[in-house]
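Q: Have a look at the structure that comes next, please.
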Number of protein chains: 2
Amino acid sequence: MTTEGFRVLDEKSLIDYIKAIPSLASKLGNQVDNLKVKEVGDGYLNFVYIVISPSSSIVIKQAVPYVRLIGESWPLTKERSYYEAIALKRQHGLSPKHVPEVYHFDRTMSVIGMQYIEPPHIILRKDLIAGVEYPLLAQHMAEFLANTLFYTSLLYLTTTQHKSAVVEFCGNVDLCRLTEQVVFSDPYKVSQYNRWTSPYLDSDAEAVRNDKVLKLEVAELKSKFCERTQALIHSDLHAGSVMVTHESTQVIDPEFAFYGPMGFDVGAFIGNLFLAYFAQDGHATQENERKAYKAWITDTIADTWNLFYKKFTSLWDIHKEGPGEAYLYEIYNDVWEDVKQKYMIDLFHDSLGFGAAKMIRRIVGVAHVEDFESITDPVKRADCERRALDFAKNLMKKRRSFNTITDVISTAL
Amino acid sequence: MTTEGFRVLDEKSLIDYIKAIPSLASKLGNQVDNLKVKEVGDGYLNFVYIVISPSSSIVIKQAVPYVRLIGESWPLTKERSYYEAIALKRQHGLSPKHVPEVYHFDRTMSVIGMQYIEPPHIILRKDLIAGVEYPLLAQHMAEFLANTLFYTSLLYLTTTQHKSAVVEFCGNVDLCRLTEQVVFSDPYKVSQYNRWTSPYLDSDAEAVRNDKVLKLEVAELKSKFCERTQALIHSDLHAGSVMVTHESTQVIDPEFAFYGPMGFDVGAFIGNLFLAYFAQDGHATQENERKAYKAWITDTIADTWNLFYKKFTSLWDIHKEGPGEAYLYEIYNDVWEDVKQKYMIDLFHDSLGFGAAKMIRRIVGVAHVEDFESITDPVKRADCERRALDFAKNLMKKRRSFNTITDVISTAL
Ligand SMILES: Nc1ncnc2c1ncn2[C@@H]1O[C@H](COP(=O)(O)OP(=O)(O)O)[C@@H](O)[C@H]1O
Ligand SMILES: Nc1ncnc2c1ncn2[C@@H]1O[C@H](COP(=O)(O)OP(=O)(O)O)[C@@H](O)[C@H]1O
Ligand SMILES: [Mg+2]
Ligand SMILES: [Mg+2]
Ligand SMILES: [Mg+2]
Ligand SMILES: [Mg+2]
Ligand SMILES: [Mg+2]
């Protein structure tokens, strides 16, 4: 809201800022005389600094009132930082092992001080490109998704709690609008921001714009995104929002968070794994054909959904007589398994639809993924992208006909 | 919110109250020395006074902090009056010919001063029982529904406007909860408030509680009611919220208003017409078998939906390049008719589901309708109610298989 009192920090002024904030200084062991600061932001929107003192380290993230990647010509409220801070706190509370802790938040300056996710943590997308397997990834993501989605839904909350949580996040509308535009609209029309591997995908991009069935489906998904306040969703859960080691999985960057459809998060993550899957042929070499890695990715997709299903429904069972007002156990006890199954199959279809939308927009929309961008041969890249695009189009149209994630995966092979 | 400064008015203290409010006194031609006051509240919740001066008349409605019908043992926030006032103003703005004007609102006192809907206006339900036809009813209700629903949805609003309107009404959660309880929950479980024409309908009521398929459907409808912020809905649009003459139709009492699914309003109205339809056999006499009247009711049901469809989609056409962000014309121009048809068929199925839920709860839930209550012979009443109940159960379960309102009506004959 306020612009007054806001200034863009740099590596130098950040040090003075930190010195003046006792909670941050204390997190650095009060050894603030020889701080090392490194800007590591690789995202589209914000600045991220790692701050290192002799005894420990923290991360400082600052939002600026525009899109960093584009510059001041694309303004974007820095209030996103406020929503990121409250979402991080909520999600950390619900899934403490998979979300960094917030140490400090300054709304005027749009500054979040948070736990440093230390090396060897690396952004998942980088290692999906490098071909590194993470055996616990699916289980951890299933936990994160189940915990953050279940506990913020009407399966656990009373209507009163739910509506007041909805209100809390409605103010993040500018970020919702950005998603609406770049995910659900721009890829389906001519837009100055769209790009694709041209000329190879020119007719593919045009086909998306002219695919009537696809457009009817994406319209329905967009309405659901705008209207369905099902749970507090992260809303930007791509492979660049997940940091991993072999033992740990951390979800960062929920600045798009709001009350929306659960399937948007589940789908984003699964869709990004499928993008990584389709990019593998572009990274294959004679020594490493990536066959085993492709199998690991599809296993991870299957495990993510299946473990999510298990964890989510088991939370529901545990809290079946809890405060949640949507499905009173007194009414549904004689039909309990059916209720869960129906809920989950609807969520499955939503997830497939949203996942497909997220894939399509990464191929013909404004923001692309390194998985494909790093394939230097444009013919090869276009080939991978086309197969991903065709898969996603089919998935969006046919999503209601799938009953298991295995069936979905079989259409990708 | 405030209790301080609130006091329950009566016919005497109301006069002093009016004298102190210039806007009300002026609406009475400033002739406030010989006011006549008559309490006419016949609803479940509030007090309604007609105030008559030598030159004109107004209506004063006061909410008390409990359910009038039950008493102080069932508390209910008097803040409902605030939501009624802002909904009345919004709906009057959108459909001025069919909603009374608000002259005055006092949040502390929960008092609304509004336009007196003069005789011969009568509550629609009364004349549905008496067997009086209203040739313009369907057209007027179609206009009211189309105007109030279209213009408050994302078909007309930007996302920013929509989310801030959602927020505005989230505070009306206590009234939403009441609906959730009495419409979507209590009829499907044993509840102290439920009643039915006993013993005749004992096994019918039990069958509702044990109908697994029905309960799965009502669970889905309840979630939609709680989660889908599709438009500003009236949310209590039964035949007692509509006042009619042969030339005029007025919709009152939107104290339950919030952002919810459009089908809840369309369904409420249509469901109440079906209740009236099934009650006719209980009102038939040898002189008047009510055959023609039943035909008028079913015609009115068909006309309401068909005219609503026409009016709603024509508003959409008019504003197809307007501010609404859900279906950008630039994307959907080559598939425009299909988009509308898909939207409307989904809305149709929602309306049938919600309409059925509203019917069921009037037969086995806490609040009944005079249409049946006025049938004094309990055997006859139970008979009418059972046919209505069976129709509604089937409608809820099979709603997605209906394509036209005529098909629906044919299952009632
Ligand atoms: N808590 C953290 N610990 C370690 N690195 C982080 C942390 N938060 C962000 N980063 C790094 O900064 C990059 C950008 O952060 P992110 O929150 O995704 O910003 P943006 O919103 O601009 O996308 C991440 O890809 C990651 O490398
Ligand atoms: N503006 C009005 N003009 C004339 N009569 C009205 C008006 N508003 C309410 N009434 C009368 O008062 C009754 C109760 O009003 P209503 O708003 O439905 O109260 P409740 O919320 O208690 O149901 C209506 O049935 C109608 O007879
Ligand atoms: Mg990021
Ligand atoms: Mg971000
Ligand atoms: Mg009423
Ligand atoms: Mg009322
Ligand atoms: Mg009865």
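The values are calculated or read from the model by the stated rules, or taken from the named source; none is laboratory data. Fair warning: this is a prediction, and the values are worked out from it, not measured in the lab. Glycine gets a Cβ as well: all are built from the backbone with ideal geometry, and neighbour counts include every protein chain shown. When the accessible area is computed, the model is the full protein with side chains, heavy atoms only, and any ligands, DNA or RNA have been set aside. Shrake-Rupley method; radii C 1.70, N 1.55, O 1.52, S 1.80 Å.
Q: Taking the Cα centre of each part, how many Å lie between region A:35-49 and region A:370-385?
A: Here the two parts' Cα centres lie 27 Å apart.
Q: Taking every pair of alpha-carbon atoms in region A:180-246, give the share separated by more than 20 Å as a whole percent.
A: So the portion of pairs separated by more than 20 Å is 46 percent.
Q: Here's a follow-up. Hey, can you list the residues from region A:127-168 whose accessible area shrinks by 40 Å² or more with all protein chains present, relative to the chain by itself (probe 1.4 Å, no ligands or nucleic acids)?
A: A:L154, A:T159, A:T160, A:K163, A:V167
Q: Let me ask something else. For region B:110-170, what number results from the quotient of the Cα radius of gyration and 2.2 N^0.38 Å?
A: The reported ratio for this selection is 1.60.
Q: Let me ask something else. Taking 25 °C and 0.890 mPa s as the conditions, I'd like the Stokes-Einstein D for the protein assembly as shown in µm²/s, using the Kirkwood hydrodynamic radius from alpha carbon pairs.
A: Here the translational diffusion coefficient equals 84 µm²/s.
Q: Oh, and also: For B:G41, what is the net charge nearby, where nearby means another residue's Cβ is under 13 Å from its Cβ and Lys, Arg count +1, Asp, Glu -1?
A: Neighbour charge sum, excluding B:G41 itself: -3.
Q: Quick one: label points 7 angstrom along Cα→Cβ at B:N34, distances to the other copies in nm, smallest first?
A: For B:N34, the inter-copy label distances come out at 9.7 nm.
Q: Show B:K89, B:K61 ordered by accessible area, largest first, where the area counts protein heavy atoms only and the probe is 1.4 Å.
A: The ranking, largest first, comes out as B:K89, B:K61.
Q: Same structure again: Where the eigenvalues come from the Cα gyration tensor of chain A, what are the semi-axes √(5λ) of the equivalent ellipsoid, largest first, in whole Å?
A: Listed largest to smallest, the semi-axes of chain A are 32, 28, 22 Å.
Q: Per residue, how large is the accessible surface of region A:11-115? Use a 1.4 angstrom probe and give square angstrom.
A: Averaged over the residues of region A:11-115, the accessible area is 44 Å².
Q: Run the label-point distances for A:D377 please: 7 Å along Cα to Cβ, every other copy, nanometres, shortest first.
A: 8.8
Q: Leaving out ligands and nucleic acids, note down the accessible area per residue over region B:281-356 with a 1.4 angstrom probe, in whole Å².
A: That works out to 45 Å² for each residue.
Q: On to the next question. Can you put A:I405, A:I15 in order of accessible area, largest first, using a 1.4 Å probe?
A: Result, largest first: A:I15, A:I405.
Q: Same structure, new question: Would you calculate, for the protein assembly as shown, the mean residue ellipticity at 222 nm contributed by helices, counting each DSSP H stretch of 4 or more residues as -39,500 (n - 2.57) and dividing by all residues, to the nearest 500?
A: For the protein assembly as shown, the value works out to -16000 deg cm²/dmol.
Q: What's log10 of I(q)/I(0) for region A:227-276 at q = 0.16, 0.20, 0.25 Å⁻¹, Debye sum over Cα points only, no solvent?
A: These q points yield log10 I(q)/I(0) values of -0.46, -0.68, -0.94.
Q: Using only Cα atoms, locate the centre of region A:232-300 and the centre of region A:84-120, then give the distance between them in Å, rounded to an integer.
A: Region A:232-300 and region A:84-120 have Cα centres spaced 21 Å from each other.
Q: Hey, another quick one. Given a 1.4 Å probe, show me the residues in region A:296-345 buried by at least 40 Å² of accessible surface when comparing the whole protein assembly to the chain alone.
A: Those residues are A:E325, A:Y327, A:E330, A:I331, A:Y332, A:D334, A:V335, A:K342.
Q: Would you kindly derive the ³J(HN,Hα) couplings of region A:236-244 from the backbone phi angles with the Karplus curve 6.51 cos²θ - 1.76 cosθ + 1.60 (θ = phi - 60°), listing them in order in whole Hz, with x for Gly and Pro?
A: Listing the rounded values in order: 8, 8, 8, 6, x, 9, 10, 10, 9 Hz.
Q: Quick one: label points 7 angstrom along Cα→Cβ at B:P54, distances to the other copies in nm, smallest first?
A: Going from nearest to farthest copy, the values are 9.5 nm.
Q: Let me ask you something else. For region A:177-262, which GluC sites (Glu not before Pro) are both in a DSSP coil and crowded by at most 15 other Cβ atoms within 10 Å?
A: A:E247
Q: If one takes the accessible area of chain B alone plus chain A alone and subtracts that of the pair, with a 1.4 Å probe, what total in Å², rounded to the nearest 100, results?
A: It comes to approximately 4200 Å² buried between B and A.
Q: By the scheme Lys and Arg +1, Asp and Glu -1, what is the net charge of all other residues having a beta-carbon under 14 Å from that of A:D303?
A: Net local charge, A:D303 excluded: -1.
Q: Work through the residues other than A:N172 whose Cβ is under 11 Å from its Cβ and net out their charges, Lys, Arg +1 and Asp, Glu -1.
A: Its environment carries a net charge of -2.
Q: Ignoring ligands, DNA and RNA, please state the percent of accessible area on region B:11-115 from carbon and sulfur, probe 1.4 Å.
A: 52
Q: Treating the Cα atoms of region B:11-115 as identical point scatterers in vacuum, please give the log10 of the normalised Debye intensity I(q)/I(0) at q = 0.12 Å⁻¹, two decimals.
A: -0.40
Q: Beyond a 19 Å Cα-Cα separation, which of these cross-linked pairs lie in this structure: A:K311/B:K215; B:K97/B:K358; A:K163/B:K163?
A: Table pairs above 19 Å Cα-Cα are A:K311/B:K215; B:K97/B:K358.
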